[in-house]
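To start, the structure under review is shown below, and the notes come after it.
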Amino acid sequence: MSEDWSYQVRVNLADEAARLARKDPKNPVLQPLSDILAKHNARLRNQLDAFSDYVAAAEREGQQDFPLYKWTKAVIEDPAKIEKHSKAFSIHVGGEEVYAKDIADALEAEIAPLVGGPLVTRLTKHDSNPANNPQAPAQYR
């Protein structure tokens, strides 16, 4: 029996594009990517910002309801991981973090020609199958 997984498309952006996407997302430099995202009612969400928001919420509301708090906190305090995740973005569609495979496939197909250009350095598609996603290391559980 096959499972119906949800999907998410992620991109890594070049240094300047990542900086603009985080601070000035309407900048014309981002237009080729912005046009694709607009067509799909999608937006970029920077991973470092998302991790920082998660940690802030856990510290505000109580860590017991945030099982990935320790691991996420370690990430946002590690300079190498800060550098890595500041360039990584998930694509949210219609306000949702994950979505149907056909939507992810369409996004992936349209963004693929941008890979290797001045904006996008990497493009990946992920599913919600726990077997395909990293689990928190033992020291953070």
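Taken together, the values in this text are just the output of simple stated rules run on the coordinates, not laboratory data. Keep in mind that this is a model prediction, so the values were computed, not measured. Virtual Cβ from ideal backbone geometry, glycine too; neighbours counted across all protein chains shown.
Would you kindly derive the ³J(HN,Hα) couplings of segment 76-84 from the backbone phi angles with the Karplus curve 6.51 cos²θ - 1.76 cosθ + 1.60 (θ = phi - 60°), listing them in order in whole Hz, with x for Gly and Pro?
Running phi through 6.51 cos²θ - 1.76 cosθ + 1.60 with θ = phi - 60° gives 6, 9, 9, x, 5, 6, 4, 4, 4 Hz.
With θ set to phi - 60°, apply the Karplus curve 6.51 cos²θ - 1.76 cosθ + 1.60 along segment 54-60 and write out the HN-Hα couplings as whole Hz, x wherever there is a Gly or Pro.
4, 5, 4, 5, 5, 6, 7
At 7 Å along Cα-to-Cβ for each site, give me the label-to-label distance between A112 and R141 in nm.
According to this spin-label approximation, the distance is 3.7 nm.
Can you tell me how much longer the chain between I82 and R19 gets when fully stretched, taken as 0.36 nm per residue apart minus their C-alpha distance, in nm with one decimal?
This chain segment gains 21.4 nm when fully extended.
Quick one: which residues, 5+ away or cross-chain, put their amide H under 5 Å from the amide H of A42? H built at 1.01 Å from N.
G94
Taking the 0 to 90 degree range and rounding to the nearest ten, how far is the long axis of helix 101-111 tilted relative to the main principal axis of the chain, both from C-alpha atoms?
Approximately 60 degrees, to the nearest ten.
Cα gyration tensor of the chain, axes a ≥ b ≥ c as square roots of the eigenvalues: rounded (a/c below 1.5), prolate (a/b > b/c) or oblate?
Taking the square roots of the gyration eigenvalues as a ≥ b ≥ c, the chain is oblate.
Let me check I've understood the local charge: for S52, count other residues with C-beta under 11 angstrom from its C-beta, Lys and Arg +1, Asp and Glu -1. What total comes out?
After counting each charged neighbour, the total is -3.
When only DSSP loop residues count, what GluC sites (Glu not before Pro) in segment 97-141 have their Cβ near at most 14 other Cβ atoms within 10 Å?
Those satisfying the criteria are E97.
Would you mind pulling out the separation of the Cα centroids of segment 70-102 and segment 104-131, in Å?
Between the Cα centres of segment 70-102 and segment 104-131 lies a distance of 14 Å.
Too long at a 24 Å Cα-Cα cut-off: which of K39/K73; K23/K84; K87/K125; K81/K101; K23/K70; K23/K73?
K39/K73; K81/K101; K23/K70
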